[in-house]
Amino acid sequence: MSDTVRGKALTELITRCLREGTPIEIDGLGRFELDQEEVVFQPANRIRVFLAYAEEDRATVKHLYDELQKAGFEPWMDIAKLVPGQNWPRAIQQAIDVTDFILVNFSHRSVGKRGHFQCELRHALEVADRMPLEDIFLVPVRLSECDVPNEIARTTQYIDLFPDYEVGFKALTNMMTAQALKRRKKSRNKPKRRIL
């Protein structure tokens, strides 16, 4: 089979899957989308945002996920990204390890809850410890009136998505965009190392 025939067969398969509503994503590289019947590859140069939450807040956080996507971010939420049979604890750790920001969503239902939310939070705190002090990485987000855990509240400013969701969302997206631009500028100004 020639490369041309293989390429055409692959394009037809991708197109059929996209029309059926099956997302096709190459983790870390980008994803295929349909744009008026044409298959387009969108490279993953968007700001990656991991959403940590307790199950009781799933609907609210799913709304945040959808709004972040519409705003041009690349959010990661377990119900949208995990596939059947996947080692989900490892996938969550990997997603946290490569994300640009982690939004830890707190509510009156989640603050004192035990379980996987606490595991995600602890791993996120470990990753945050490896970040430069001036970088914003872990962002506490309050979905409702609640106390942010002391270990986080002592050093990190939270943002409220209540009572005015739009105001909080705009402040959040503006901060992430500005911080990502600052990081990119800083990385471009670093001297290049020569490899012999």
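A short reminder: the numbers here are calculations on the coordinates, not readings from a lab. Everything quoted here is computed from the prediction, not taken from an experiment. Don't worry about glycine lacking a Cβ; one is built from the backbone with ideal geometry, like all the others, and counts go over all protein chains shown.
The table below lists the values:
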{"item": "Reach of Lys81 by Cα under 12 Å, taken over aspartates and glutamates that are not fewer than 8 positions away in the same chain", "result": "Glu25, Asp27"}
{"item": "Sequence of Arg19, Arg58 once ranked by neighbouring C-beta atoms within 10 Å, starting from the fewest", "result": "Arg19, Arg58"}
{"item": "Kirkwood-based shape ratio for the stretch 16-74, expressed as Rg/Rh from alpha carbons", "result": "1.03"}
{"item": "Sequence-distant residues sharing a close amide H with Phe106 (under 5 Å, placed H)", "result": "Val141, Arg142, Leu143"}
{"item": "Structure-derived Rg/Rh (Cα atoms, Kirkwood Rh): which label, when the choices are (1) 0.93; (2) 1.28; (3) 1.02", "result": "(3)"}
{"item": "Karplus-derived 3J(HN,Hα), 6.51/-1.76/1.60, for each residue of the stretch 91-98, Hz, glycine and proline x", "result": "4, 5, 4, 5, 4, 5, 4, 10"}
{"item": "Full-extension gain in nm, Ile79 to Ala59, via 0.36 nm per residue minus C-alpha separation", "result": "6.1 nm"}
{"item": "Entries in Lys70/Lys186; Lys62/Lys113; Lys62/Lys170 that, when Cα-Cα distance is taken, lie over 23 Å", "result": "Lys70/Lys186"}
{"item": "Using alpha-carbon coordinates, inclination of helix 58-70 to the longest axis of the chain, degrees", "result": "50"}
{"item": "Cα centre as origin, Lys/Arg/Asp/Glu Cβ charges: the chain dipole, Debye", "result": "1060"}
{"item": "Over the chain, relative contact order from alpha-carbon pairs under 8 Å, at least 6 apart, %", "result": "16"}
{"item": "Packing-based order for 134-141, 153-160, 176-183, using average beta carbon neighbours within 10 Å, highest first", "result": "134-141, 176-183, 153-160"}
{"item": "Which of His123, His108 has the fewest Cβ neighbours within 10 Å, and the rest in rising order", "result": "His108, His123"}
{"item": "Using alpha-carbon coordinates, inclination of helix 165-189 to the longest axis of the chain, degrees", "result": "70"}
{"item": "On Cα atoms only, tilt of 3-19 relative to the major axis of the chain in degrees", "result": "50"}
